[in-house]
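Before any comments, here is the structure.
The values are calculated or read from the model by the stated rules, or taken from the named source; none is laboratory data. For clarity, every value in this text was computed on a predicted model and none was experimentally measured. Cβ sites come from the backbone with ideal geometry, for glycine too, and all protein chains shown count toward neighbours. Just so you know, the surface numbers come from the protein's heavy atoms only, side chains and all, with ligands and any DNA or RNA stripped out. Shrake-Rupley method; radii C 1.70, N 1.55, O 1.52, S 1.80 Å.
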Amino acid sequence: MVSKNEEPVKKRAKTNTKSDAKTSTSKTSGKAKKVPVQRSRVAGRLAVLMNMPVDVFAEICSHLFPIDLLHLSWASKRLRSILMSKSAKHIWRSARENQLPTLPPCPDDLSEPQYIALLFTNICQVCGANRAQRFHFTMRTRHCASCYKNHTVTLKSLVCGTTLDDFDAREAQQFLWAVPGEGGSQGYEYNTLQVEACVKEYRALKSAKLREEYIVTLEQKTTKIRDHAQKVFSWLDEQDRLKIQQEDEISEARWNSIQEKLLELGWEQDDFPSYYNMEWAKLTQKPQALTDKVWKNLYPKLQPMLQTHRIERLEDERIERRSQRRMNIMEFYQDYQEDKNPNAIFYPTSLWEIPCIKTLVDDDNTGEVTEARWQACIPEVEVTLRQQTEKILEEVMSWYKTCTNTAIEHGTSERKSKKSAERTAKETSSKQEEAPDMSLVTAAFKCRECGVSLWLSTFLGHLHFKAQYERDHRWTQKDTATTQSELSGPGALVYDNGLREMVPKVLVAMNCDPLTATVQDLVIAPGDRYACSRCEDKHQKPGGFGYLLCHYQAELEWYRTKGDPKKPNTHSPEPQAKGRKRTLQPVARILNQVDAQAMASNYWTSMRLFRGKEGRPGYFDNEYWSDEYHAQGGARRCNDCGYITYGMCSIGKMVYHLEAKHEIVPDFDELDSISWDEDELPSFVAEMWDLMDEEDEYFSSDDESLHDYFDW
């Protein structure tokens, strides 16, 4: 208890509430007096740095990277005042030398913080934006794109502008060389503020001697800056190289670790997607160490890609095995075709539809197709071949009959008058009802590609017919090939009215009856032993009856378009005037086998004499297959009549043409009579070369039979 004489202890008034602050008043003045509110602050974790000794703080900072030291100076005003003072220079220098020992020392015109900020930050020196990518160390600037345009001037602008109006040419040249600048996208560039400052200092000097001394001093300073900048750029390039190398090592270690883990989980090496899979490469080639936590998050992303690639790989392997079985079957079929049935035609859509062949191809458990498995399929293949051959023969006969009837109607309508129209119609209908005898030589047609005459018993083995027929059915997959016109038949066959009219005349000139002359007697039996009786011996080449017809057609066409009408046509199958009588000269002779081989050997030997001459590639020269020669079809054009020779030994054929038709012996030193034809080549020349590129299995550069097709 408190005694009466003692005064009670006064309680301390609260000062942290608004109500007490408002009610507390002074007895003397009677006015309210506000008491300031004190707020407590929680000290951060870096507050201990302010209490540690300076030498300990300096030692800690000396082990930081310079860029980290710069970021530390931005943390608070207290740290900034310590680290940005001149007394902290040794801290920056120690940090740079400890962490970046190969970095060139700080230049004299920059402080250590400025040096580090210029090299390692992306802050614009003008607007403070954190996107400054325009770095010019020689000018000591780092700008963003907009500030770069406003604070940079080119050499051309300075020379053509008003900044150096009072400078003469020599003075301006010395001044601009002394001012620090750097090459840029618009040429040599300068910092606008630096140029203005230097111009202002230069103009402040009145005497010429002082100006010269200023230029010399500025040039020495700029040279020193340029030398130091070159070292800095070299260091930056080396750092980029080391960074890339380090990232590559990390990426490789990451990939090796991923491979080991995937193999442990049961995946195979072939299940891994390739590097071209961007999503896979982004996850596996990332320059980041593979930790357990990273792998736990990474594997669920890799697993779907591995499964997808495994399915695709297995499917590709199945397709590859199936393709290999098809190749094996084609090899067996080609051997069978060469040995037993050379005239057989098989386009893939027919071969693979045979049940036994389809079973061999589609059954993935059969493995490789062996000889025994192929032999088991031969009977069924032979049945299909017979059916296909009969179908093709019927198709060709139907087409030939239609073309013949059309030609008969057209020829009859031109020859007969209107009075005999009914009688002619009856005769024509009776002729149409009779099917043409396809065993006669008169039932001939031509190849659209090479122009060789063909018959029903010879066209199946023809090179171009097989290739064209297979190509038509391979892509269209139709029973009959698409024809270009009513005269175009299956494959490369074409009906020629000129050939139809010329064959009887040639047969009459050979003392043969056109109504009884058969293909077996005049085409198949003699073989390639026909020789033209109208040509000189050195210009002759033995060939078949089809080649003989092509030869006469070509000669008649040349005489009609290019020949001299005043001179007689030596290759006309019509009776020739001899004295007062018109006699029928022989058009061909049949050689024995020995003479035919000797004539062919002499012909090709003379053709090969023209090879090897400079600038004249022949069939046996490597230069023949050059891009330029191949693009032009290997053609030569006669400048006198426009006659074109193309294909194998085109120069030798042109020489024979000049000697036979123009009585010219060409001089190989002057190419006036033998020239390239670039614009007037027949369209089928390019088509022929395209066909040879596509059908490699039928065409070969060593195939002597190609000479027959190209020679005429």
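What the table below lists for this structure:
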| read-out | value |
| --- | --- |
| At q = 0.18, 0.23, 0.24 Å⁻¹, base-10 log of I(q)/I(0) for segment 77-124 (Debye sum, equal scatterers on each alpha carbon) | -0.59, -0.93, -1.00 |
| Projected-area average for segment 239-291 over all orientations - Cα convex hull basis, square nanometres | 4.1 nm² |
| Furthest towards positive pole of dipole, TRP255, ALA208, ALA289, structure part segment 138-292, Cβ charges | ALA208 |
| Ellipsoid semi-axes in whole angstrom, largest first, where each is sqrt(5λ) of the Cα gyration tensor of segment 67-152 | 24, 16, 11 |
| Cleavage-rule hits (chymotrypsin sites (Phe, Trp or Tyr not before Pro)) in segment 230-275: DSSP loop, at most 12 neighbouring Cβ within 10 angstrom | TYR275 |
| Label point distance in nm, GLN597-ASN511, each placed 7 Å from Cα along Cα→Cβ | 2.8 nm |
| Segment 119-255 - convex hull of the alpha-carbon atoms, volume per residue in Å³ | 123 Å³ |
| Pair HIS90, GLU338: separation of 7 Å Cα→Cβ label points (nm) | 9.4 nm |
| Inter-centroid distance (Cα atoms) of segment 354-386 relative to segment 234-264, Å | 54 Å |
| Greater than 21 Å apart at Cα, pairs in LYS243/LYS282; LYS86/LYS231; LYS446/LYS505; LYS156/LYS221; LYS401/LYS446; LYS446/LYS567 | LYS86/LYS231; LYS156/LYS221; LYS446/LYS567 |
| Distance between segment 282-333 and segment 62-122 - C-alpha centres, whole angstrom | 52 Å |
| Kirkwood Rh, angstrom, segment 236-373 [1 / mean 1/r, Cα pairs] | 19.2 Å |
| Cα-based radius of gyration of segment 483-562 once divided by 2.2 N^0.38 Å, which approximates compact folds | 1.22 |
| Amide H contacts under 5 Å for THR152, placed H, 5+ residues apart | THR192 |
| Estimated inter-spin distance, GLU268 and ASN405, nm [label 7 Å along Cα→Cβ] | 6.3 nm |
| Nearest-10 value in Å² for the accessible area of SER76, using the 1.4 Å probe | 50 Å² |
